[in-house]
1. If r is the Cβ-Cβ distance from residue 107 to residue 140 and R0 is 30 Å, what FRET efficiency results, to the nearest 0.05?
2. Determine, from the Cβ-Cβ distance of residue 93 and residue 73 and an R0 of 25 Å, the FRET efficiency 1/(1 + (r/R0)^6), rounded to the nearest 0.05.
3. Based on the mean of other Cβ atoms within 10 Å per residue, sort peptides 163-170, 176-183 so the most packed one is first.
4. Going by amide H atoms built from the backbone, whose H comes under 5 Å of the H on residue 174, apart from near neighbours?
5. Kirkwood hydrodynamic radius (Cα pairs, Å) of the stretch 145-193?
6. Would you calculate the separation in nanometres between label points at residue 167 and residue 223, each defined as 7 Å from the Cα along the Cα-to-beta-carbon direction?
7. When averaged across all projection directions, what area in nm² does the alpha-carbon convex hull of the stretch 33-159 cover?
Amino acid sequence: MSTRSLLVTGVLLLMASVALAHDLFLRLDTYFLEPHTRARITVLNGTFAKSEGFVAPERIADISAVSGGGRTRLSAASTWSRGPDSTSVLRLALGDPGTYVMGVSTRPREIELRAEEFNAYLEEDGIPDILEARRRSNELAQGARERYSKHVKAVFQVGTRRSEDFNVVLGYPAEIVLLENPYAVGRATPLRVRCLVDGRPVANQMVLWGGEQRGRTLAQRGTRTGPDGVAASRLGSSLGGFPLVCCLHVNLTSDSLTAGSCLSAGGEWWSEY
C-alpha cells in the first residue's frame, strides 16, 4: 500500500453541525492532488452531506486561489457552474506542487424567520450566546430578520512539497485561519486555528468540531477561542476518517450581519472525541 493511501483526510469548517445545518461548504473528493491537473471542488449550500440549493454566480463576491505565495482572484463566470443534486462546482487548473487554498465569499442576503425557526437555527448552528441573550431579554417569542453572508475555504495538498500558503488571510468578514499546516503536523498533535472577525481575532467565540469516520457521523463538540482568537483540537492517530469539521458563526453588530466561514483540509491525523 502506498504512503498516500494511508493518509487521512480531515476538514475544518465554520458551520452549524456536521450532519450539518445552514451553511456553505467546499468539499473535495480527495485533498491530495497531482500537479498540473484540474481540481473539481463541490460547493454544498446547506449541509456538508447535502446541498439544499444552487448558489447563483451573481451572489459570489470573491473567488480566490492561493498558491506559491500569490493570490489569484477568479471570475465566477469562468469557474462557477451548476452541479448535480443542487450543488455548485468550482474548477481550478493546478500548477506546481505546494499547499493550496481556495476561498469563496458571498454577498449578504436577507431572510425573515418566525420565532421558533430563528431559535432552532441559533441552537442548531452553534450560536448559543445570541440564543441566551434572547432568553434573558424575553425575546424568544419574537421573529427575526437576518442578514447573512458565507465565507469558506478549502486547503489541499498538490504534490508532496508543503508550502506556507495554508495560513493565508483572505480578509473575509469572518474567517478561520490554520496556524499549522495539516499536511506537515504529526499525529496526536493539537491543530490550532485562529478565528477572525473583520480581520481581528475574536475571543470567547464558540467553535464546533465534528466530522465523519468510515461513513459514520461523529458527535460534534464545542470549544471557545482564547483571548488571541485561537481554538484547538487535539488530533489522534486513528486512520480512515473523512472529514474533520470545525465550525463557527459570528454576529457582526456593526451592520447587523451574521457571518459564517468554513475551511476543509486533509492530513495524517484525526480528532479525538
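Values in this text are rule-based calculations from the coordinates and carry no lab data. None of these values were measured; they are calculated from a predicted model. Ideal geometry is used to build each Cβ from the backbone, glycine not excepted, and the neighbour counts take in all protein chains shown.
1. Working: r = 30 Å, r/R0 = 1.00.
Once the sixth-power term is evaluated, E becomes 0.50.
2. Values: r = 15 Å, r/R0 = 0.59.
That gives a FRET efficiency of 0.95.
3. On the way: 163-170: 17.8, 176-183: 21.0.
Averaged packing, sorted descending, gives the order 176-183, 163-170.
4. 198
5. Details: mean 1/r = 0.0779 Å⁻¹.
Every distinct Cα pair counted, the radius reaches 12.8 Å.
6. Here the modelled spin labels are 1.7 nm apart.
7. Working: hull surface 36.6 nm².
Average of the hull's projected areas for the stretch 33-159 equals 9.1 nm².
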